[in-house]
Amino acid sequence: MTLFALALAICLTGFNPLSAVIYILFLALFTVVYVVTPQNNFHFWNRTKRVLKVFTVSGVVFLLVSAFYILPFVNNARAPFYSSEFTYGLEEAVMHSYGNMGDAFALRGVEQWGYFYIVDVTSEVSLQIIPVSLILVAIFLIAYSTVFVKTDRYTLFFFVSCLVSVFLAKGPSSPYGNIFVWAWFNIPHFAVFRAASRFVMMTAFSHAFFISVLVSILTGYVSKRRASQATETYLEINIGTSATNNADKQTFSLKHFNKALKKIRTFLHYSSTLLLILILLSGFFTCWFFLQNGLQVYDPPENLMTPYNWIANQPQEFKIITVTSSPAEWELSSGALTDFGSGGMLTKIGWGHDLGYDSAFIHDKPILQDGGHTFKSRQLVSYLRFGVARKDVSDQMLKLLGAFDYKYVVLPDYASENIKSFFIQQEGAEVVYNQSGSVILENSFHSERIFGVSEYTLVVGGFKSFFTTSKIDSFNFSQSTFIFVDQLENSNFLGQSVLGGSGVLLFDDSDLLDLVMLSSEEMNVIRAEQFAMPTTNYSAYWGKAAPWEDFGVFAVGRYTLTTSGTNRVTIPFEVAEDGDYEIMIRIGFCNDRGNLAVHVDSIPIESVYPNADARTTLKWISIGSLTLKKGKHEISLTNDGTGWNDVDAIAVVESSTLEKQTENVVNQIQNYSGRVIHILSAHNTFSHQIPSGWHLTTAPNQGYILEADSPSTSISANTTILREGEYMFNILLDQEPSQGTPQLQIDNKTVNLRLISSSEETQWYEAGPVYLNVSSHLTEIGGSGKIAFDQLVIYGLENEEDSIILDEFQVHATELGLNVSPKGNASASSFEGNEFSKLRENNANDGNPETRWASNPQNKTMPQWLQIEWDTAQELVGVQVFFESAYAKDYVIQTWNGTNWIDQVTVTENSMFNRTHTFTEPTVTEKIRLRVTSAPAYDMVSVWELEAYTAPIVSEKVFIPQDGYYRVTFQLTPTPNYGAFNLTINNTTTTISCNNSDNKTKLYEIEPIFLKSGEQNITVSTMGTVKLDGLTITLNDEGDSGFLDDIFEAESGPKVSYTQINSGKYEAQIENSDEPFLLVFSESYHPLWKAYINDKEISSIPVYSLVNGFYINTTGNFTVTIYFTGQTYADIGLQISLVTLIMVTPILIVPSKKLEKMGNYLKQKIRKNKHKHCLSQAQGGSSQSG
């Protein structure tokens, strides 16, 4: 039992997992055969008890010996391919299976790629001059016939094992391939056996067993030399009577029979000998090619080895990217596409692993390869391979990979010129090695494996957001990290201290609904891929696919549920209570779509046709609202077969819950302290319906763009703004030889665009700020000339506190000029009412035509006067008086010369309520007075407004507290009769027309302007009538100029250095930390990575979606220990395994007879002790009774 347990432990921990599963599967089969096979004097229940005993004892020993493997495994420290979601397509099994049971039984070769150029392993490895396969089949059949000679549980087991393994090794091929297909689709983990041919391992064991039985029989037969002994054979007949019981023996010789029998035995003797010889030689015959030519290994030339030797001599820790060629490039196929991570290499003997792919044995550095079995890593690398490098859509890839500790790129001699060119032209690539056709690039963006960042961005989007943001020059992956919202376990992401402190919330071709669906488990989001068949035959099934992976589009699931045929899939769901529910589907929009019919509980609900002019994006759409009863339901999706459909996720959410959660998310964003950014790409957002004159194409290093020559129509998209405020609009255009002028409209209103940066490849235009409320807004892009549109970035300006508010800067200009009365202080001879009266004197210069001053009606004496006084002298050119019904009949307009009042205008016999008076010449004064001498209508006077006018240019000096970019906002009221408004600051003049029939006061803002600290002169001039109400100058906080290049600028994080203790433990020394920050650890994310500061544990969060990040809320100088806690389970398990192995070793070393004697001795000792104990008790009892 101990040996059995150790064998099981070695099988589990030392073999390939697939091999271990095969052996354990057939162990279970042996157990069944053992129990059901009859044995003399050993009944069924006895056999069952023995099996249970063996498995119980062996199982305990097995678990203890394997604890170093099992303990980490059950605590989530295991490889990703053990997940039930890890499957292959059925077609992979077809490729790696035998075509028939005969080939499997004969153990013919299947996987021939390794010797592709020199031999066909399916037919040319064996000796060609004889039919080796037929000989082997004959030998195997003769061997298996021994089951009729020797029938026991072992022969039965291996006979059945052969049948089962041959059947499985043929995979889905006939006969009865549908049984394999059913198992592939329905048995958990079965769909990982893509190399079904490897089930012949048990066929080979079965063959070996029966060959050994046959050899045993043959050698026994031959060794007895029966042919030489069979000289005579007699037929004896006894004749006698029953009375005497005696018989006379008569012997008859059968001479001819004896001769024939001797020949038969001689034939059998020599046939057995020949068969033994054939069995001995069969191994040589089947491997004749290798016996004749050697093992045939590939010895790479020295020029391919030297780059990796150079890497090995480089100091410090880092990772490398080894570039390979695609299979089509190796085969020199026309139109071959690149693939820098394929891992295959075509040598002079056949296919093998690429030298760089497996080069870690040379330099001991981690390699990018294809991303491995960790899903997010594999997904990112696939996107880089097929979506970025193959299509040459970005020169920013090294900027991204540098943040993951990738320092060098090895371009071997055999890499294609296309892929070499792609990497050499990447920004940050520096050639440090160039010999014998091989090139090594150093990545200038390389960051250490552990580093700290003070800024991080919350992303609602996919991997393509890495490259949409990298087009912004200020973005640096090692200074501002990404945290993807869909990777967070806590749905209250904006409420956490870790995430609420992020600087940016980024929507990359995504919208509010994407965020809402990720924000709560109450959204009841179902990943559609769970109901996919593990197949790539999409015409026959709904299968699991990744058609959006190459485009970096965000998906809720790992894959989509995809079909192109007339197929139906049913997805069960359950609701907790009766109510109204919203049915929503997240589906792919493309130009090859079919019609998708949706049924709930067999009731048709909606038909969806997600067609677009290009492969654009995955998007939530509403199917409808249904009243559902509490309990289980099902939703059915039926594709009509006229095109494809990709379903990412399905949501069944109570209507009130959806409304409440949407409101909750919007409120969180309203209270979010960071900036909200929307990136709308030409490909994913603007290409749903491409207008006439526009077409989608690709540009080197830029990716997909929408291009048009003098478009007559504009491209458009709707964006939901989630937080009210001011927003900037930045448009990225691809630089063209005949570049046109772009135009931008927001909600059907044209916005002025300014060119803010230009390079050889691109141009950035900026518009805004534009004030937007919380709703959906239409953005349209057009232009004149050639327009090549790449992406649009919409971002909100942060809430500012450093503002200079000039409320007193109110300019009400008429044809006379600017009304400066509101800048002065009013006083009067008297007023009506008490001190809280609404008829006080300051109502006559507040700019409000609905408030007024009235003299005291109790004081009917004249004169009454109204005066306005300024802190500084004003050059007045006239006045305008607006009387109430208590008008003045006789009055004088006077100005103060410093000592006396000077009459400027004298009026008698007035009967008008509105009078305008122009002075004969401009007058400089600090005071102006309306002096009424007669008001007979009511014996009092009342004035709505007394307006004093200067020339139409007004200057104001404003103190600017610090250097920086400032935004200037002001309110103007346009009417049909108004003129134009000019504002001059720092020699920059902005002109705005006020001639408009809108009659509504509007907020205007000029683009940010740089002002130095100190006094700055602000000048206002007008042409015609203008009404200006207040002006605000605001400093853009932390250099927020409103320009795109500044929105991702981040301060450097703390100084970080580290020491690697071992592969599972690092110590990072932090210096000069003055605020919370993220410590980024560039190893694949795993929740068992933990950080410790003074024994305080900090859990890891996924940064960039695939590496570890730790939120550090400690300041100063300190040490952070990063430890993989899965190693703790391995250490404990290893101790248990060693102790167990030490305990069972004597059982293996000591001979069984001695162990039996020791056991008997111990049993006797125990019996004697029991006997003595019983005697002592009996004697004690008798003495007491006496």
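For the reader, a short list of remarks on this structure follows.
- Between segment 297-332 and segment 169-220, the Cα center-to-center distance that results, in Å: 38 Å
- Extension gain, T991 to Q858: 0.36 nm times the residue separation minus the Cα-Cα distance gives 42.9 nm.
- Modelled spin labels at N41 and L755, positioned 7 Å past Cα toward Cβ, are 10.5 nm from each other.
- In terms of its C-alpha gyration tensor, segment 677-796 comes out prolate, because a/c is 1.5 or above and the ratio a/b outweighs b/c.
- Calculated FRET value between E1097 and T920, using beta carbons and R₀ = 51 Å, to 0.05: 0.05
- Backbone HN-Hα couplings from phi across segment 566-576 [Karplus 6.51/-1.76/1.60, Hz, Gly and Pro as x]: 7, 9, 10, 10, 10, 10, x, 8, 9, 10, 7
- 5 angstrom amide H check on K889, placed H, neighbours 5+ away: S934, A935
- Centroid-to-centroid, using Cα positions, segment 656-705 and segment 84-158 are 56 Å apart.
- Helix-only arithmetic for the chain: the sum of -39500 (n - 2.57) across DSSP H runs with n ≥ 4, divided by the residue total, places the mean residue ellipticity at 222 nm at -8500 deg cm²/dmol.
- One chain, two ends: Q435 and I362. Fully extended at 0.36 nm per residue, the span grows by 24.5 nm beyond their Cα-Cα distance.
- Extension gain from S444 to L276, taking 0.36 nm per residue of separation minus the Cα-Cα distance: 53.6 nm
- Links that overshoot a 25 Å alpha carbon limit, given the list K399/K464; K399/K1055; K319/K544; K823/K860: K319/K544; K823/K860
- Neighbour cut-off at most 12 other Cβ (10 Å), DSSP loop, GluC sites (Glu not before Pro), segment 822-930: E835, E850, E909
- Nearest-ten-degree value, helix 655-671 long axis tilted from longest Cα axis of the chain: 60 degrees
- Dipole-positive endmost among G461, N418, M397 within segment 396-470 (Cβ charges, Cα centre): G461
- Placing a label point 7 Å from the Cα of T720 along the Cα-to-Cβ direction, the residues of segment 631-661 whose backbone N falls under 12 Å from that point are 658-661.
- Under 14 Å from the F913 label point (7 Å along Cα→beta-carbon), backbone N, segment 922-953: 942-945
- A simple charge model with +1 on the Cβ of Lys and Arg, -1 on the Cβ of Asp and Glu and nothing else charged puts the dipole of the chain at about 10820 debye relative to its Cα centre.
- Shape class of segment 515-672 from the alpha-carbon gyration tensor: oblate, with a/c at 1.5 or above and b/c at least as large as a/b.
- Read-out Rg/Rh (Cα atoms, Kirkwood Rh), derived from the coordinates shown; its label in [x] 1.10; [y] 1.17; [z] 1.03: [y]
- Cut-off 17 Å, label 7 Å out along Cα→Cβ of Q112, residues of segment 330-365 by amide N: 347, 349-352
- Cβ-defined net charge surrounding A312, 10 Å radius [Lys, Arg +1; Asp, Glu -1]: 0
- Segment 515-672, dipole about Cα centre (Lys/Arg Cβ +1, Asp/Glu Cβ -1), debye to the nearest 20: 380 debye
- Taking label points 7 Å from Cα along the Cα-to-Cβ direction, L1134 and D613 give a separation of 6.2 nm.
- Amide H contacts for V676 (H built 1.01 Å from N in the peptide plane; partners 5 or more residues away or on another chain; cut-off under 5 Å): L505, G796.
- Only one residue of I587, N639, G785 has its Cα farthest out toward the positive end of the dipole of the chain, where Lys and Arg carry +1 and Asp and Glu -1 on Cβ, and that residue is N639.
- Global geometry of segment 414-539, whether rounded, prolate or oblate, following the gyration tensor of its Cα atoms and the 1.5 cut on a/c: oblate
- Coil-residue trypsin sites (Lys or Arg not before Pro) of segment 614-706, DSSP, other Cβ within 10 Å capped at 14: K629, K630
- Whole-Å distance, taken between Cα centres, linking segment 559-575 and segment 338-397: 33 Å
- Spin-label pair K660/S710, simplified geometry with 7 Å Cα→Cβ offset, distance in nm: 5.9 nm
- The charge dipole of segment 1-156, taken about its Cα centre with unit charges on the Cβ atoms of Lys, Arg (+1), Asp and Glu (-1) only, comes to about 1040 debye.
- Here's how it looks for L876: its modeled amide H is under 5 Å from those of T923, V924, T925, which are all 5 or more places away or on a different chain.
- Restricting segment 63-121 to chymotrypsin sites (Phe, Trp or Tyr not before Pro) in coil, as DSSP defines it, with at most 16 other Cβ within 10 Å: F86, F116, Y117
None of the figures in this text is laboratory data; all of them are computed from the coordinates on show. This structure is a prediction, so every number in the text was calculated from the model and none was measured. Neighbour counts run over all protein chains shown; Cβ positions are idealised from the backbone, glycine included.
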